[in-house]
């Protein structure tokens, strides 16, 4: 495919308006990646997979391949390499050929679900991500901080007492305050009993080995009480994805038009369960145009009427940073 053809496909990804658009673009992305992503091409060949005629017939690459292989277009060199938190040991790597494509994706998603960043002050409590480096989450939040164009927007490492100070300064000048935080850091903040009643809190994952893992519902209840804030959301993203989903007040994640999930049977990765039943989460992220858009994760989840829920992790899988207990 020519450069012009690739740019056209990229533009089509971000212009999906209907189910028929979705089906056509997904199959075109599959056709492109089955030829141009060496590890995905080999995986398909080893499966002896027939050409799919629908989204449900597409094979999904196990996410563990991002630990063992370079998942990127043939002949492409990455502009940036993102690495997972590595809580369970070996770190996954995502070789990103186009940082502009990543920005295009996360900026649009953030605007849709969280709001116009130019009207906000963005604060970030992500010390472990900063310590380890090469984090796609830090890259995204750093860009949002810059796009906010407000001097109050910043990363706060261990200066938890500063959070309420900046929150008050921001609200005094009419700005919405958005706080990204890893779960254990937000719980540390709760001990200070700040009043963040008008903030939007976005927790980004689990305890990173710092505290005992608890369910998402228990975590959010503790955060609502400890931060005096009714608006607790979650960000569902990972190193291997260039798109994110955000949860609403019910803990249901909503997705952008170029992202979707399918729930596979836990004992048969090539069959899917009915909506409302729990199984393994397969993710389609078309923003992963230059790596692989079809990923079989190690998360357990289910599809609901309004979006999807993450229920936990497969017991045999590596423990990832945003690990949840199976409920």
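Laboratory data are not the source of any read-out in this text; all were calculated from the coordinates shown. Remember, it's a predicted structure, so these values are computed and weren't measured experimentally. Here Cβ is always computed from backbone atoms with ideal geometry, including for glycine, and neighbour counts include all displayed protein chains.
Helix 216-227 against the longest principal axis of the chain: what's the angle in degrees, Cα atoms only, rounded to the nearest 10?
30
Of 190, 256, how do they rank once you tally other Cβ atoms within 10 Å and put the fewest first? It would help to have the intermediate numbers written out before the result.
Values: 190 17, 256 21.
The most exposed by this proxy come first: 190, 256.
Order these by the 10 Å Cβ neighbour count, fewest first: 193, 216.
Working: 193 11, 216 22.
Listing 193, 216 from fewest to most nearby Cβ atoms yields 193, 216.
Spin-label point model (7 Å from Cα, Cβ direction): what's the residue 159 to residue 91 distance in nm?
2.5
For the chain, find the longest principal axis of its Cα atoms and tell me its angle to the long axis of helix 3-13, 0 to 90°, nearest 10.
Computed tilt is about 60 degrees.
Based on the mean of other beta carbon atoms within 10 Å per residue, what is the order of 67-78, 234-245, 113-124, most packed first? Could you put the intermediate results ahead of the total?
Details: 67-78: 15.6, 234-245: 24.1, 113-124: 19.4.
Most protected by this proxy first, the peptides run 234-245, 113-124, 67-78.
Run the numbers for residue 265 and residue 228: contour at 0.36 nm per residue of separation, minus the present Cα-Cα distance, in nm. Provide the component values of the computation, followed by the final result.
Values: separation 37, 0.36 × 37 = 13.32 nm, distance 3.97 nm.
Answer, rounded to one decimal: 9.3 nm.
Given 0.36 nm per residue, what is the gain on full extension from residue 213 to residue 49 after removing their alpha carbon distance, in nm?
Values: separation 164, 0.36 × 164 = 59.04 nm, distance 3.93 nm.
Length difference between fully extended and current span is 55.1 nm.
Would you mind classifying the chain by shape? Square roots of the alpha carbon gyration tensor eigenvalues, ordered a ≥ b ≥ c; an a/c under 1.5 is rounded, otherwise it is prolate if a/b is larger than b/c and oblate if not.
Values: a/c = 1.83, a/b = 1.53, b/c = 1.19.
Here the chain falls in the prolate category.
What's the exposure ranking of 261, 214, going from fewest to most Cβ atoms within 10 Å?
214, 261
Let a ≥ b ≥ c be the square roots of the eigenvalues of the Cα gyration tensor of the stretch 1-67; is it rounded (a/c under 1.5), or, if not, prolate (a/b larger than b/c) or oblate? Walk me through the numbers before you get to the answer.
Values: a/c = 1.94, a/b = 1.46, b/c = 1.33.
Here the stretch 1-67 falls in the prolate category.
Give me the extension gain from residue 191 to residue 305: residue separation times 0.36 nm, minus the current Cα-Cα distance, reported in nm with one decimal. Provide the component values of the computation, followed by the final result.
Details: separation 114, 0.36 × 114 = 41.04 nm, distance 3.61 nm.
Computed gain between residue 191 and residue 305 is 37.4 nm.
So how far apart, in nm, are the two label points at residue 221 and residue 112 if each is 7 Å from Cα heading toward Cβ?
About 3.2 nm, to one decimal.
For an R0 of 22 angstrom, estimate the FRET efficiency from the Cβ-Cβ distance between residue 79 and residue 146 and round to the nearest 0.05. Spell out each step's value before the answer.
On the way: r = 18 Å, r/R0 = 0.80.
Given R0 = 22 Å and the Cβ-Cβ separation, E is 0.80.
With the cut-off at 1.5 for a/c, could you classify the stretch 149-273 from its C-alpha gyration tensor as rounded, prolate or oblate?
On the way: a/c = 2.28, a/b = 1.75, b/c = 1.30.
It comes out prolate by the Cα gyration axes.
To the nearest 10 degrees, how steep is helix 99-113 against the longest Cα principal axis of the chain, on a 0 to 90 scale?
Here the helix axis deviates by roughly 60 degrees.
Within the chain, what percent of beta bridges assigned by DSSP are antiparallel, to the nearest 5?
On the way: 26 of 43 bridges.
Percentage antiparallel, nearest 5: 60.
Output needed for the stretch 65-207: three equivalent-ellipsoid semi-axes, defined as square roots of 5 times the C-alpha gyration tensor eigenvalues, in descending order, whole Å. Present the calculation step by step, with values, prior to reporting the outcome.
Values: eigenvalues 177, 71, 22 Å².
Whole-Å semi-axes of the equivalent ellipsoid: 30, 19, 11.
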